[in-house]
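Novice: Okay, here's the structure, questions in a sec.
The values are calculated or read from the model by the stated rules, or taken from the named source; none is laboratory data. The model shown is predicted, which means the values in this text are computed figures rather than measured ones. When we count neighbours, we look across all protein chains shown, and the Cβ atoms used for this are built from the backbone with ideal geometry, even at glycine.
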Amino acid sequence: MLKFLSLRLTTSLIALAGVMVIVFFLARLTGSPATLYLPADASVEMMEAFNRQFGYDQPIPQQFAQFVGNVFRLDFGQSLYQQRPAAVAVLSAMPQTILLAAVAMALTLLAAIPLGTVAALHPHSVQDRLITLFSLLTASIPDFWFALVGVLVLSVNLGLLPTSGQASLLSWILPVATLMLHPVGVLTQVVRGAMLETLNAGYVQNARARGYSWKRLAFRHALRNAALPIITVAGDRAGGMVNGAVIVSAVFAWPGIGQVLVDAVYNRDFAVIQAGVFVVGIAVILLNFLVDLIYAAADPRIRIS
Amino acid sequence: MINLSKSGLAWTLLAAQAGLAFAAAPALTAEGSIVLAMPAEPTSVDACDDSTRANARVLRGNVVEALTRLDPQSGAVGPLLATEWSSPDNKSWLFTIRPGVTFHDGTPLDAAAVAFGINRSMNPDLTCQTLSLFPTKTTATVESDMVVRITTEEPDPILPARIAYIDLPSPKTPEAAKSDTPIGTGPYRFAGREIGQSITLSAFDGYWGEAPEIAEANYVWRAEATIRASMIKTGEADIAYDIPTHEAEGQANAQQYLTNGVFYLRPMLQKPPLDDLRVRQAIASSIDKATLAEVLMDNSGTPTGQLVTQLINGYVPDYTGMPYDLEKAKALFAEAKAAGVAVDTPITLVARTDLFSGAEEVSQAIQQMIQQAGFTVTLKSVDTVGWSPWARKPDSLTQPVNLLTSSHNNISGDGSLTFPNFLGSGGRLSVVDNAELDAKLAAAAKASGEDRAAAYREIAQYAYDQELVIPVAALQGLLLTSDRIAYEADGFTDIELHLSDVKHKQ
């Protein structure tokens, strides 16, 4: 297992280094930030002074060499837009992102696992059809539309929730619901499918014939054997929550990493783009590690292999 | 029952009277707080960068102030931190500094502080946004304790108007680096900032002018217009900027204001077929500005034929531009084709998508309209950075033949911040190379008063007749306010919102 994890770490770090190199050069292909930060009629002298000040007058290979040297000191440079160290700009957005993602994922699992299991226990019943309809609906509704309609109905018309910001615990409800929307639908279907397959397995039928209750079978035995696909999809969705959540940031002004990265791309804030990709990359690597460990905990065969 | 002596009764009545008088007196100190929902966070909070909309809306007239101020209705120059000014010769100006003014850090405002602020803004290495407003090298020196001399390399008759854009920071501000905690002389001090979330301004007790009514203003950033409008409806905000028309329907406190911005097309004059006047006229005639403004711009624009608004001295009264006439456009196209003009050459319509909400859809409609006249038009959608090489010299001169979408905003009151940039051969955004026009622009720059206005009007009329630029729509903004406050939008609201103009509703 340790060998597997160390191999996984090595390949992940190589992939991250490759992504960092690609991002460095692609970002610079989008044009000089000077045209964005200076007035449209700025003089050539002003443009040159700007490029000199931020090192964009240097040849690209030289900029890259400097960038690589700085990365080893975890120095990503200064954010043009936020006017503070890029690493600080990115790291300050991470706690809110991780907290929101953790809450949303926990609630997603709490909702999807019972719903999927109940649907699997009663295939083609009214309950199953209702749960399937619910999961298809949540997986299909555009999250941007859901967020805005949520604000109009729950905040403007009913006055129950704040529209945006983080003034109180109530302001978590709409962002969390928006973030949960698609994962709940998808995971419910995954749980249903995995549980159906497991519940039809011979050992379950055998246990059933011996008089075990469906409830005990489902939650004690079948769920554990159906866990692998659920963990895989949940891990993938959690990664999306960590590096994405742009809609939630944009609509609800949630200070997450997704919005920081999108702003950085629009504002040609190369230092923040690079720091953001690095931090999100590390977060995704750690998340994959966590998923691997959960795999091993759920299925002893993986530990042994 | 309580027995009162005569003197006791008198004292009691006096005390009651004093209490009533105190209760009825207007509040002498600012109170209450408001929330402003803004679409974008400032890119810089340094005083020398506050000529851009996002920066100026928070800082100008609130935290920092300049020597002069332009009237939001007429554009006339008025006193602010300077009480008077004169020009002893055509290359220098003397400004007398208002006495009794202090910065928020307690530093008194004097000629040395003013000279520091102006020279700091003019430092090219600091790359201040305001620097590009000054066409000629400008320096400030101390004439006496309370008089500053501003010298320009070339005569600048409108320097008092231009200097209205140089907001003055405390002399303790770093001279060679941008500041993230602006200290000015305005009615509000910069109380705090949470990057990405909010900026808070608090009323400054030592303000030299009339004390503001609002004690604290909290600016929050909400990129989504629906959320900004919703915040007013739920009472979470008191002022919301840049609201689309459909979000303001039925709102009693919606105010429309002129942004002084104009959306226009710039034909690439250097290459055929756009070097031919008939072709440019055909394009101008093919654009149905009224439909664009009403349908696609959601009434956030009004059709215009001019590059500047009434506020600017180059505005030509009653001129509305070439009217929409598709048949005339087709006839001009045919006439040019018959004369051998390469009208079949594909024209790239460079659509800058971030000019205003719906800019891309408007550009697509313009593409269709011009194609109806017979031209072949391809659409290229770009953001500001992608737009730059098409717009700015020297790259703009080597691009394929194109029509560039752009917008221009001039609230200075003077044509010198418009016409030289777009029509002069030296203008960074100009593709015009006309010696006669250059001479007229040079003469206008040196003129003053009505002569100056007449000179810019003549230049503008020539540019419109030659379709050197094709203005499409004057842009308008929409503001929502809550029931708790009173605020009247004016000609400058789009770029600066003075918190001291915001009052509690009685």
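Yes or no, residue by residue, for (1) of a type in the set (Val, Ile, Thr); (2) assigned by the TED database to the domain that holds B:Gln399; (3) surrounded by fewer than 19 Cβ atoms within 10 Å (Cβ to Cβ); (4) touching a residue at least 12 places away in the same chain (Cβ under 8 Å):
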{"residue": "B:Met297", "(1), (2), (3), (4)": "no, yes, no, yes"}
{"residue": "B:Pro303", "(1), (2), (3), (4)": "no, yes, no, yes"}
{"residue": "B:Leu307", "(1), (2), (3), (4)": "no, yes, no, yes"}
{"residue": "B:Asn313", "(1), (2), (3), (4)": "no, yes, no, yes"}
{"residue": "B:Tyr319", "(1), (2), (3), (4)": "no, yes, yes, yes"}
{"residue": "B:Thr353", "(1), (2), (3), (4)": "yes, yes, yes, yes"}
{"residue": "B:Phe356", "(1), (2), (3), (4)": "no, yes, no, yes"}
{"residue": "B:Ser381", "(1), (2), (3), (4)": "no, yes, yes, yes"}
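Novice: Out of the residues in region B:112-131 that are surrounded by fewer than 19 Cβ atoms within 10 Å (Cβ to Cβ) and at the interface with chain A (Cβ under 10 Å from one of its Cβ atoms), which is farthest from B:Leu81 (Cα to Cα)?
Specialist: Within region B:112-131, the match that is farthest from B:Leu81 (Cα to Cα) is B:Asp125.
Novice: From B:Pro389, B:Pro323, which residue is surrounded by fewer than 16 Cβ atoms within 10 Å (Cβ to Cβ) and either away from chain A (no Cβ under 14 Å) or modelled with pLDDT under 95 (or both)?
Specialist: Values: B:Pro389 fails: surrounded by fewer than 16 Cβ atoms within 10 Å (Cβ to Cβ).
Matching residue, one of B:Pro389, B:Pro323: B:Pro323.
Novice: Can you name every residue in region B:154-183 that is under 25 Å from A:Ala40 (Cα atoms), outside any helix (DSSP H, G or I) and within 14 Å of chain A (Cβ to nearest Cβ)?
Specialist: Answer for region B:154-183, where residues must be under 25 Å from A:Ala40 (Cα atoms), outside any helix (DSSP H, G or I) and within 14 Å of chain A (Cβ to nearest Cβ): B:Ala176, B:Ala177, B:Lys178, B:Ser179, B:Asp180, B:Pro182.
Novice: Just to check your reading of the model, which residue among A:Val272, A:Val260 is outside the structural domain of A:Val68 (by TED's automatic domain parsing), among the β-branched types (Val, Ile, Thr), buried (at least 23 other Cβ atoms within 10 Å of the Cβ) and assigned to a helix (DSSP H, G or I)?
Specialist: When all the criteria are applied, what remains is A:Val260.
Novice: Right, another one. Please go through (1) within 11 Å of chain B (Cβ to nearest Cβ); (2) exposed (fewer than 14 other Cβ atoms within 10 Å of the Cβ) for A:Phe25 and return the number of the only condition it doesn't satisfy.
Specialist: Of the numbered conditions (1) within 11 Å of chain B (Cβ to nearest Cβ); (2) exposed (fewer than 14 other Cβ atoms within 10 Å of the Cβ), the odd one out for A:Phe25 is (1).
Novice: Right, something else. Determine if region A:175-184 includes at least one residue that is of a type in the set (S, T, N, Q), touching a residue at least 60 places away in the same chain (Cβ under 8 Å) and farther than 21 Å from A:Ala250 by Cβ.
Specialist: Among the residues of region A:175-184, not one is of a type in the set (S, T, N, Q), touching a residue at least 60 places away in the same chain (Cβ under 8 Å) and farther than 21 Å from A:Ala250 by Cβ, which makes the answer no.
Novice: Taking region B:212-262 on its own, how many of its residues are of a type outside the set (A, V, I, L, M), within 12 Å of chain A (Cβ to nearest Cβ) and touching a Pro at 6+ places or on another chain (Cβ under 8 Å)?
Specialist: Final tally of qualifying residues: 5.
Novice: For B:Thr141, are the conditions met, namely being modelled with pLDDT of 95 or more and surrounded by fewer than 23 Cβ atoms within 10 Å (Cβ to Cβ)?
Specialist: yes
Novice: Can you pull out the residues in region A:1-14 that are in contact (Cβ under 8 Å) with a residue 60 or more places away in the chain and part of a helix (DSSP H, G or I)?
Specialist: Answer for region A:1-14, where residues must be in contact (Cβ under 8 Å) with a residue 60 or more places away in the chain and part of a helix (DSSP H, G or I): A:Phe4, A:Leu5, A:Arg8, A:Leu9, A:Ser12, A:Leu13.
Novice: Also, quick follow-up: Can you tell me which residue is nearest to A:Tyr266 (Cα to Cα) among those in region B:356-386 that are within 14 Å of chain A (Cβ to nearest Cβ) and not in a helix (DSSP H, G or I)? Show your work before the answer.
Specialist: Taking region B:356-386 and keeping what is within 14 Å of chain A (Cβ to nearest Cβ), we get B:382-386.
Within this subset, residues satisfying the condition of being not in a helix (DSSP H, G or I) are B:382-383.
Values: B:Val382: 12, B:Asp383: 9 Å.
For region B:356-386, the residue satisfying everything is B:Asp383.
Residue by residue, here is whether (1) within 17 Å of B:Gln372 (Cα to Cα); (2) without any contact (Cβ under 8 Å) to a residue 60 or more places away in the chain; (3) not basic (Lys, Arg) holds:
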residue	(1), (2), (3)
B:Asp242	no, no, yes
B:Ala248	no, no, yes
B:Gln256	no, no, yes
B:Met268	no, no, yes
B:Lys271	no, no, no
B:Asp275	no, yes, yes
B:Arg278	yes, no, no
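Novice: Here's another thing I want to ask about it. Hey, does region A:236-249 have a residue that's within 14 Å of chain B (Cβ to nearest Cβ), within 25 Å of the chain's Cα centre (by Cα), surrounded by fewer than 21 Cβ atoms within 10 Å (Cβ to Cβ) and part of a helix (DSSP H, G or I)?
Specialist: Checked against the condition, which is being within 14 Å of chain B (Cβ to nearest Cβ), within 25 Å of the chain's Cα centre (by Cα), surrounded by fewer than 21 Cβ atoms within 10 Å (Cβ to Cβ) and part of a helix (DSSP H, G or I), region A:236-249 yields at least one hit.
Novice: Having 2 or more residues that are more than 14 Å from every other protein chain (Cβ to nearest Cβ) and modelled with pLDDT under 90 is the bar; report the helices (runs of 4 or more DSSP H) wholly within region A:46-162 that clear it.
Specialist: Values: elements: A:60-71, A:86-91, A:94-121, A:126-140, A:143-150.
Because the criterion is at least 2 residues that are more than 14 Å from every other protein chain (Cβ to nearest Cβ) and modelled with pLDDT under 90, the helices (runs of 4 or more DSSP H) in region A:46-162 that meet it are A:60-71, A:94-121.
Novice: Among the residues of region A:225-232, is there at least one that is over 16 Å from A:Val90 (Cβ atoms) and more than 22 Å from the chain's Cα centre (by Cα)? Talk me through it step by step, then tell me what you get.
Specialist: Pass one, region A:225-232, residues over 16 Å from A:Val90 (Cβ atoms): A:225-232.
Still in the running and more than 22 Å from the chain's Cα centre (by Cα): A:225-226.
Yes, region A:225-232 contains at least one residue that is over 16 Å from A:Val90 (Cβ atoms) and more than 22 Å from the chain's Cα centre (by Cα).
Novice: Does B:Val220 count as part of a strand (DSSP E or B) and under 25 Å from A:Val248 (Cβ atoms)?
Specialist: Yes; evaluated as a whole, the condition is true for this residue.
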